[in-house]
1. In whole Å, what is the distance between the alpha-carbon centres of segment 238-298 and segment 143-162?
2. In terms of Cα to Cα distance under 28 Å, which lysines are near enough to LYS252, apart from those fewer than 8 places away along the same chain?
3. Let me have the relative contact order for the chain, percent, based on Cα pairs under 8 Å that are six or more residues apart.
4. If amide hydrogens are placed 1.01 Å from N in the peptide plane, which non-local residues have theirs closer than 5 Å to the one on GLY222?
5. Can you pick out the pairs among LYS140/LYS287; LYS140/LYS190; LYS140/LYS206; LYS146/LYS291 whose Cα atoms lie more than 18 Å from each other?
6. Express the carbon and sulfur contribution to the solvent-accessible surface of segment 155-276 as a percent, rounded to the nearest whole number, probe 1.4 angstrom.
7. Give me the base-10 log of I(q)/I(0) for the chain at each q in 0.10, 0.11, 0.13 Å⁻¹, Debye formula, one uniform scatterer per Cα, rounded to two decimals.
8. For segment 142-189, what does the equivalent ellipsoid look like in terms of its semi-axes, each the square root of 5 times an eigenvalue of the Cα gyration tensor, given largest first in whole Å?
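The values are calculated or read from the model by the stated rules, or taken from the named source; none is laboratory data. Nothing here was measured: the structure is a model prediction, and the numbers come from that model. Cβ coordinates were reconstructed from backbone atoms using ideal geometry, including for glycine residues, and neighbour counts include every protein chain displayed. What goes into the accessible areas is simple: the full protein's heavy atoms, side chains included, and nothing from ligands, DNA or RNA. Shrake-Rupley method; radii C 1.70, N 1.55, O 1.52, S 1.80 Å.
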Amino acid sequence: VPVFGLLAIGMIIIGQTLCFPYLMESFMRLVNWTLAKMDHTFIEVRIGFEEIVQNATKNTLASATLMLGVSLIISLSVLTGSYEKSILDWTEREFPFDYSVINVSDLETGTDYGVPVSLTDKLTKLENIEEVDVFILNTKAEVGDKIFTIHAYDMLLAKKREERKGISTYPDMNFETDILVSANMAYLNKLIVGDKLKINSNLGLKELKIAGTKEHFFSENGTIMMDYRLFENLFGIDSYRAIRVNLHDKTKREDTLAKLTEIISFDPNLKLINSQELKEIYIGGVKKVFKVLESLKY
C-alpha cells in the first residue's frame, strides 16, 4: 500500500479544504470591490458573487467543486512533475554517455532496423574515444506465460565505470549466467535475489539466476537486465538499438564529432544525439503517456 503517497494526497486535499473558506471569501470581496468601481454593466455578475458571499453554506456544491478541482490539479501536477524528475535522474544514471548513435526510423515509424553491429569496431578505432557501449532492447521476452522486456548492454564496462567513480550498484555476479531484474518486476512477481527464471530463447528454455534488482523505467510489467554477450548467446544479435560513446578529451569534441558523423554518413537514418537530446526523447515519451492527465487538468 503506498502509504506516503496516499498521505501526501490526503494532506493536499485537507489543506485545500481548510484554506478554501477564507480564500473564497477574500476572492469574492476582491471581485466585488473591482466590480463596484465599474458601472452597472456587470450587475448580474455582482449579484451572483454576492449571493455566494452572503450564502456560502447554501452554495456548497459550487464551493466543493472548485475545491476538488484545485486539489486535483495540484495533485496531478505534483505527480507528473515528480515522475519526470525521476526519469531524468534515471537517464543520467543509466546512460552516462556523451553521444549515442540511433536509427531515427525506429523512433519515427516503429521499425526495428537498429544500428549495424559492425559499427562498434569502427567507432572503437577512432582516436579520443574512451568507451564504446551497446544498447539492445527485446520487448517480447517469454518467461513462462508472461512477457517481459530485456535490456542488454556491456555490464562489465558499466561496473568498471562505476568503480572509477568510487561507487558500485552492481552486485557480485557472473555476467555469463546471471541477470538483474527491475524493482517493479521483483515486486509484482514476488521475486528475490537467488531465484531463477526460465527464459524462452533460441536455445530453448534457459535458467538464469537473479543476482540483484535495480530501478528501471523501461516496462510496466518488468525489465530483465543482462550482459550483451549473454544476450547474444541466447538470442543472437542482428543489430543494436543504439551505440553509446564517451570521449576521452572533451576539448577535442568538435573534431571527434565530425569524425563520428562521417562514419555514420553511409546510412541517412543513423543519427548522432547528445545526452540532452536523449533526455528529451524520454521526457517526450512520458508527456505522451500523461496527455490524458494534462487534458484532465485543463
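1. If we compute the Cα centre of each part, the gap is 20 Å.
2. Reachable lysines: LYS122, LYS125, LYS159, LYS160, LYS165, LYS271, LYS279.
3. It rounds to 24 percent for the chain.
4. THR149
5. LYS140/LYS287; LYS140/LYS190; LYS146/LYS291
6. The value for segment 155-276 is 48 percent carbon and sulfur by accessible area.
7. -0.71, -0.79, -0.98
8. 25, 12, 9
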